[in-house]
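Peer 1: Before anything else, here's the structure in question.
Just so you know, all these numbers are worked out from the coordinates, no wet-lab data involved. Predicted model, so just to flag it, every value in this text is computed and none were measured. Here the Cβ positions follow ideal geometry from the backbone for every residue, glycine too, while neighbour counts run over all protein chains shown.
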Amino acid sequence: MTTDKPCVLFLCTHNSARSQMAEALLRHQAGTRYRACSAGTDPTDVHPMTKRVLEEIGVDTAPLRAKGLKEMLGRAQVRTAIIVCAQAAESCPRLFPFAREVLQWPFDDPSRVEGSEELQLAAFRRTRDEISDRLRTWLAGR
């Protein structure tokens, strides 16, 4: 896993929603500058609504798949690790020196929202937009 682009790794518990959104959005917004990756401390599957809300705004979801943190540790030189949920921050192993920089960006978990499909989609869209905005701000400062 070597590349000239700095690797940014997004971490979450299940690697099903927030970290997948962040990976896809960074690839979409700055894929020529950064290599976007994601992983989970206890990975499951990519949530279908994650893909749906990304595709709504023209983001490619084909590369997305749930991955465990062990798949990344020691195999990629990570410039920045961004933890996107509080639970992963609590259970995550010590990331330094694996990652030069570790940031905490906790977002609400849209997959925990119960109710109608529209209510759930609204939560996924809100999280997608919050992550996108945060990435744009972060990228502008780099």
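Peer 1: Please name whichever of Ala22, Ala86, Leu9 sits farthest to the positive end of the charge dipole of the chain, dipole taken about the Cα centre and charges placed at Cβ: Lys and Arg +1, Asp and Glu -1.
Peer 2: Most positive-ward Cα: Leu9.
Peer 1: Now for a different question. For the range 1-40, rounded, prolate or oblate, judged on the Cα gyration tensor with a ≥ b ≥ c (square roots of eigenvalues), a/c < 1.5 rounded, else prolate if a/b > b/c?
Peer 2: Working: a/c = 3.50, a/b = 1.60, b/c = 2.18.
Because a/c hits 1.5 or more and a/b fails to exceed b/c, the range 1-40 counts as oblate.
Peer 1: What size of dipole, in debye to the nearest 20, comes out for the chain about its Cα centre when the only charges are +1 on Lys and Arg C-beta atoms and -1 on Asp and Glu C-beta atoms? Before the final figure, lay out the partial values.
Peer 2: Working: 21 positive and 18 negative charges, 146 e Å.
So the magnitude is around 700 debye.
Peer 1: Looking at the square roots a ≥ b ≥ c of the eigenvalues of the Cα gyration tensor of the range 1-70, which shape do they give, rounded for a/c under 1.5, prolate if a/b is larger than b/c, or oblate? List each step's numbers first, then the result.
Peer 2: Numbers: a/c = 2.31, a/b = 1.10, b/c = 2.10.
Note, shape of the range 1-70 comes out oblate.
Peer 1: From the phi of every residue in the range 4-9, what ³J(HN,Hα) in whole Hz does the Karplus formula 6.51 cos²θ - 1.76 cosθ + 1.60 yield, where θ is phi - 60° and glycine or proline is x?
Peer 2: 6, 7, x, 8, 10, 10
Peer 1: Sort 19-32, 121-134, 59-72 by packing, meaning the average of other beta carbons within 10 Å per residue, with the highest value first.
Peer 2: Working: 19-32: 22.2, 121-134: 18.4, 59-72: 15.6.
Listed from highest to lowest mean packing, they are 19-32, 121-134, 59-72.
Peer 1: Between 0 and 90 degrees, rounded to the nearest ten: what's the tilt of helix 18-30 against the longest Cα principal axis of the chain?
Peer 2: Helix 18-30 sits roughly 70 degrees off the main axis of the chain.
Peer 1: Taking the 0 to 90 degree range and rounding to the nearest ten, how far is the long axis of helix 117-140 tilted relative to the main principal axis of the chain, both from C-alpha atoms?
Peer 2: 30
Peer 1: Looking at the square roots a ≥ b ≥ c of the eigenvalues of the Cα gyration tensor of the chain, which shape do they give, rounded for a/c under 1.5, prolate if a/b is larger than b/c, or oblate?
Peer 2: Values: a/c = 1.71, a/b = 1.37, b/c = 1.25.
It comes out prolate by the Cα gyration axes.
Peer 1: What value, in deg cm²/dmol to 500, does the helix sum -39500 (n - 2.57) over DSSP H runs of n ≥ 4 give at 222 nm once divided by the residues of the chain? If you can, show how the numbers build up before the last one.
Peer 2: Working: 4 runs with 52 residues, N = 142.
After summing the helix terms and dividing by the residues of the chain, the value is -11500 deg cm²/dmol.
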